[in-house]
Amino acid sequence: MTTTSARPAPEPGGPAAEDSGGHAASESALELTGLRRTFGDKVAVDGIDLAVPRGSFFGLVGPNGAGKTTALSMATGLLRPSGGRALVHGINVWRDPVAAKRVLGVLPDGLALPERLTGGELLTYWGRFRRMPAGVVADRAAELMRILELEEAEELGTLVGEYSTGMRKKIGLATALLHTPRLLVLDEPYEAVDPVSARVLTAILRRFTAAGGTIIISSHVMSLVESLCDRVAIIAAGSVLADGTLDEVRGGRTLEDRFVELVGASELGEEDLAWIGG
Ligand SMILES: Nc1ncnc2c1ncn2[C@@H]1O[C@H](COP(=O)(O)OP(=O)(O)OP(=O)(O)O)[C@@H](O)[C@H]1O
């Protein structure tokens, strides 16, 4: 297990030990160095260092407001860091975003989707946007829609704007998978997804890592992270409190116990909310 230390944060796109192709030779699928983000006086992410080995299934956990979404958004080119660096397979996300996004599949928090397209149209648009051959896009889109049980909605001409929250999650995941990324970064992928679809999602994600891909998920469901992930980081107040293999971080306890121990539990006192229930 490691803990973060306060080290000076390099600037986004700053110097790195890079190869002749301009990309750092890295064993990590994702490497964050001194990554930092402030909003006014608020420090959302406080110079975190994190390395996610290739082929791992990595869980990022932390309480509400810990900085998970902010960190993942900076790591995937969606939010510009105030300082520090993010490398995806050795590619600097903020210096070479096009190359980085080629190997990245992202399911962001609160995904904004074109509302006036059907799911199938969205995948077609997305595939063309990524310059994929039309036939490949059509085949993959049809397969993803079938496996994610969005086929019926497609046949009815349901627009993405009419999708339920779980359906939006699923079509978002399909867009993340379509171009065969090497690193999937999924913010709360299971949120609002029904149990049957969750099983399908798990099978897809396991197949992805079995084929050599790397996955990073954020989640509040500790049992889910324990069952899926081989590596975990616990973050709170913008800092990494622990990271390592699941067993290193748990230290012989459950992940939830370790989480509460590190983050601190708030107890409900006898006098609190005395008015509840009349
Ligand atoms: N656009 C923004 N403007 C101002 N503050 C922000 C903004 N985005 C995030 N924050 C603040 O940064 C901190 C980290 O937020 P973030 O959304 O990254 O947390 P999180 O760990 O993903 O939380 P949750 O588990 O509740 O989704 C919070 O204090 C939040 O209020």
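The values are calculated or read from the model by the stated rules, or taken from the named source; none is laboratory data. A quick note: this is a predicted structure, and the numbers were derived from the prediction, not measured. Note that each Cβ is placed from the backbone with ideal geometry, even for glycine, and that neighbours are counted across all protein chains shown.
Scan the range 238-278 for residues that are within 26 Å of LYS42 (Cα to Cα), at pLDDT below 95 and surrounded by 12 or more Cβ atoms within 10 Å (Cβ to Cβ) and report the count.
5
Of all residues in the range 41-80, how many are assigned to a strand (DSSP E or B), touching a residue at least 24 places away in the same chain (Cβ under 8 Å) and within 11 Å of the ligand (Cβ to nearest atom)?
Qualifying residue count, the range 41-80: 6.
Quick check on my filter: what residues within the range 101-119 are under 15 Å from the mean Cα position of the chain (by Cα) and either more than 16 Å from GLU188 (Cα to Cα) or within 16 Å of the ligand (Cβ to nearest atom) (or both)?
Kept after step one, since they are under 15 Å from the mean Cα position of the chain (by Cα), are these residues of the range 101-119: 101, 103-111.
Selection gives LYS101, VAL103, LEU104, VAL106, LEU107, PRO108, ASP109, GLY110, LEU111.
If you go through the range 205-212 one residue at a time, do you hit one that is touching a residue at least 40 places away in the same chain (Cβ under 8 Å) and either within 28 Å of THR38 (Cβ to Cβ) or within 16 Å of the ligand (Cβ to nearest atom) (or both)?
no
SER20: at pLDDT 85 or above, away from the ligand (no atom under 16 Å from the Cβ) and of a type outside the set (A, V, I, L, M), yes or no?
no
Please note which helices (runs of 4 or more DSSP H) are completely contained in the range 134-187 and include at least 3 residues that are among the acidic types (Asp, Glu) and more than 24 Å from LYS68 (Cβ to Cβ). Spell out how you get there, then give the answer.
Working: elements: 134-147, 151-155, 165-177.
Answer list for the range 134-187: 151-155.
Just name the residue that is nearest to LEU50 (Cα to Cα) out of those in the range 191-241 that are more than 17 Å from the chain's Cα centre (by Cα) and hydrophobic (A, V, I, L, M, F, W, C).
LEU241
Is it fair to say LEU113 is in contact with a helix residue (DSSP H, G or I) (Cβ under 6 Å, 6 or more places away or on another chain) and of a type outside the set (Gly, Ala, Ser)?
On the way: in contact with a helix residue (DSSP H, G or I) (Cβ under 6 Å, 6 or more places away or on another chain): yes; of a type outside the set (Gly, Ala, Ser): yes.
Criteria met by LEU113.
Quick one: PHE39 ticks every box in (1) closer than 22 Å to PHE259 by Cα; (2) out of contact with any strand residue (DSSP E or B) (no Cβ under 7 Å at 6 or more places or on another chain); (3) hydrophobic (A, V, I, L, M, F, W, C) bar one, so which box is it?
PHE39 satisfies all of (1) closer than 22 Å to PHE259 by Cα; (2) out of contact with any strand residue (DSSP E or B) (no Cβ under 7 Å at 6 or more places or on another chain); (3) hydrophobic (A, V, I, L, M, F, W, C) except (1).
Would you check if ALA176 is of a type in the set (Gly, Ala, Ser), in contact with a strand residue (DSSP E or B) (Cβ under 8 Å, 6 or more places away or on another chain) and under 18 Å from ILE204 (Cβ atoms)? It would help to see each step written out before you state the result.
On the way: of a type in the set (Gly, Ala, Ser): yes; in contact with a strand residue (DSSP E or B) (Cβ under 8 Å, 6 or more places away or on another chain): yes; under 18 Å from ILE204 (Cβ atoms): yes.
The answer is yes for ALA176.
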